[in-house]
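A.B. asks: Here it is: the structure, laid out below.
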Amino acid sequence: SVIQKASSKVLPRCDAFLDEVSQEIVGQQHRMRQSLSQLPVEVFPSTAGIFSWIRLNSMSGETLVEKLAEQGVLAIPGSLFGESASNCIRINSAVPEERLEELILRFSSALG
């Protein structure tokens, strides 16, 4: 059928595009985790999805989320995912490399 012929031409291109996007996201996660390692936080080593999990010892996730919001950084408190994550936050890792230094400065300000 025409649909099968068209699919056989399009799907390999889609797969290559998705592989490229996936590799870029993994690279962004790696660069972000390296940048966050400069701060007094624990960054969980996961490459699943586009989010990074960060654990704090000095304040609750809710408090850090509020302080980050004041700095223009959006994050989600871990407590939304369960009580055991109350000292964690979840943040999008898909940050362009040219914005990482700014992000770290904002994080540092939020951490006080």
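A.B. asks: Out of the residues in the stretch 1-52 that are under 20 Å from V95 (Cβ atoms), among the hydroxyl-bearing types (S, T, Y) and part of a helix (DSSP H, G or I), which is modelled with the lowest pLDDT?
C.D. replies: Looking at the filtered set, the residue picked out is S22.
A.B. asks: Right, another one. Would you pick out the residues in the stretch 72-91 that are of a type in the set (V, I, T) and open to solvent by 30 Å² or more (accessible area, probe 1.4 Å)?
C.D. replies: The one that is of a type in the set (V, I, T) and open to solvent by 30 Å² or more (accessible area, probe 1.4 Å): I76.
A.B. asks: In this structure, does A94 turn out to be in contact (Cβ under 8 Å) with a residue 60 or more places away in the chain and surrounded by fewer than 17 Cβ atoms within 10 Å (Cβ to Cβ)?
C.D. replies: yes
A.B. asks: Can you pull out the residues in the stretch 57-96 that are under 17 Å from the mean Cα position of the chain (by Cα) and among the basic types (K, R)?
C.D. replies: R90
The values are calculated or read from the model by the stated rules, or taken from the named source; none is laboratory data. Small disclaimer: the values here were computed from a predicted structure and weren't measured. Ideal geometry is used to build each Cβ from the backbone, glycine not excepted, and the neighbour counts take in all protein chains shown. Areas reflect the complete protein model, heavy atoms only, side chains present, ligands, DNA and RNA absent. Shrake-Rupley method; radii C 1.70, N 1.55, O 1.52, S 1.80 Å.
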